[in-house]
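Beneath this line is the structure, given in structure tokens, with notes to follow.
The values are calculated or read from the model by the stated rules, or taken from the named source; none is laboratory data. The structure displayed is predicted, hence computed values, not measured ones. Counting neighbours? That spans all protein chains shown, and the Cβs are built from the backbone with ideal geometry, glycine included. For accessibility, only protein heavy atoms count, side chains too; no ligands or nucleic acids. Shrake-Rupley method; radii C 1.70, N 1.55, O 1.52, S 1.80 Å.
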Amino acid sequence: MVTTLLVVVVILAIAFDYINGFHDAANSIATVVSTKVLTPFQAVLWAALFNFAAYFYFTDHKVANTVAKTVIENYITLEVILAGLVAAIIWNLLTWWYGIPSSSSHTLIGGFAGAGMTHALLTGASPMDAVNMGYVVKIVSFIVLAPIIGLVISVVLTLIIINICRYAKPSTAEKWFKRLQLLSSAALSFFHGGNDAQKVMGIIATALIAAKVIPDFDSMPAWVPIACYSAISLGTMSGGWKIVKTMGSKITKVTALEGVAAEGAGAITLGITEHFGIPVSTTHTITGSIVGVGVVKSVSAVRWGVTINLIWAWVLTIPVSATLAAIIYAAIYYLK
């Protein structure tokens, strides 16, 4: 049965997806803008195009299914989903305002889990009964693993590229790498769309199941993926210039060659994790990749102070989002 609360939850989920797009736009366009391959306006259009193109390829929705199963079905209500979404939106907007590239993925998952655990607590159960620990452990472990994998792949790609091109004329090589960066940024945007849009699909499908509109995840209507891919693409077109500056220049100075390696590493990492249905942070992945290309030059080429501040934001995202969601859900529960 379609209720007003369900409509509000779906609208908020799509709004979050839009915010996710402009919050994470920097992941796809920071290096291509900093190397002046594209103007900021051209870059966001390019990224948005490939964000949406992922809709036609990623049809298994493995990541969406993982997100949907983070909280045990018995502890999922529309109020739980509402509280999780509101908390995720608040944290995403705060980090965007201060130019902190935090994870939209972990914000959403943290909010959802925090609200579910609070629902369990307030109804007399153990908070830990509300979460599927197998999925949670997998998601949390990739807070560490995703940037490390991105870093390692970017180091390997950079070294391979440097060795292949060691006799090339610098001006010619630079021209070719600027062209290749169009492909690498497109690949990163493609896999970013495929990974991040699915997270909101999982939340909307969960809301539809909780409202008894559909019986299970496999019955998710066709409009859900279309709406999610459209929202994240439109959000990407809105940009996120404060975070672009952090990602494109504050971590390390990036050349076109390094941009290809970093974006290529990010795309490969996202492709691997999507294949296994693991919802990882595009932000964490590309940050690790950018650090990797900096390390190849020298350890001192990376601004470690900036990087450590980013890591603190990553560590805090899930607990802060979960706490916000807990407070919001408790307020809804007692005011209802």
### Message
Test of understanding: in a Gaussian network model of the chain with alpha carbons linked when under 10 Å, which of 265, 187, 15 would top the mean-square fluctuation ranking?
### Response
15
### Task
Would you grab the residues whose amide H sits under 5 Å from the one on residue 131? Only those 5+ places off in sequence or on another chain, please, with H modelled 1.01 Å from N.
72
### Message
How far apart, in nanometres, would the label points at residue 164 and residue 219 be if each is projected 7 angstrom from Cα along the Cα-to-Cβ direction?
### Response
5.0 nm
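Quick one: compute a quarter of the convex hull surface over the Cα atoms of segment 72-120 and quote it in nm². If you can, show how the numbers build up before the last one.
Numbers: hull surface 12.4 nm².
Taking the Cα atoms of segment 72-120, their convex hull projects to 3.1 nm² on average.
Leaving out ligands, DNA and RNA, what percent of the accessible area of segment 4-335 is carbon and sulfur, probe 1.4 Å? Mind showing how you got there, number by number?
Working: 9600 of 13270 Å².
C and S fraction of accessible area: 72 percent.
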### Task
Based solely on C-alpha atoms, express the radius of gyration and the Dmax of segment 91-199 in angstrom.
20.6, 70
### Task
Determine the per residue accessible area of the chain with all protein chains present and a 1.4 angstrom probe, expressed in square angstrom.
41 Å²
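Could you work out the Kirkwood radius for segment 1-127, taking every pair of different alpha carbons, averaging 1/r and inverting it, reported in Å? Each step should come with its number before you reach the end.
Values: mean 1/r = 0.0609 Å⁻¹.
Hydrodynamic radius (Kirkwood, Cα pairs) of segment 1-127 is 16.4 Å.
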### Query
What's the angle, to the nearest 10 degrees (0 to 90), between helix 256-275's Cα axis and the longest principal axis of the chain?
30 degrees
### Query
Taking a probe of 1.4 angstrom, what is the accessible area of residue 230 in Å², to the nearest 10?
40 Å²
## Note on the structure
Here, the chain modelled as identical Cα point scatterers in vacuum has Debye log10 I(q)/I(0) at q = 0.15, 0.16 Å⁻¹ of -1.12, -1.26
### Message
Given the DSSP H assignment, sum -39500 (n - 2.57) over each helix run of at least 4 residues in the chain and divide by its residue total; what's the result at 222 nm in deg cm²/dmol, nearest 500?
### Response
-26000 deg cm²/dmol
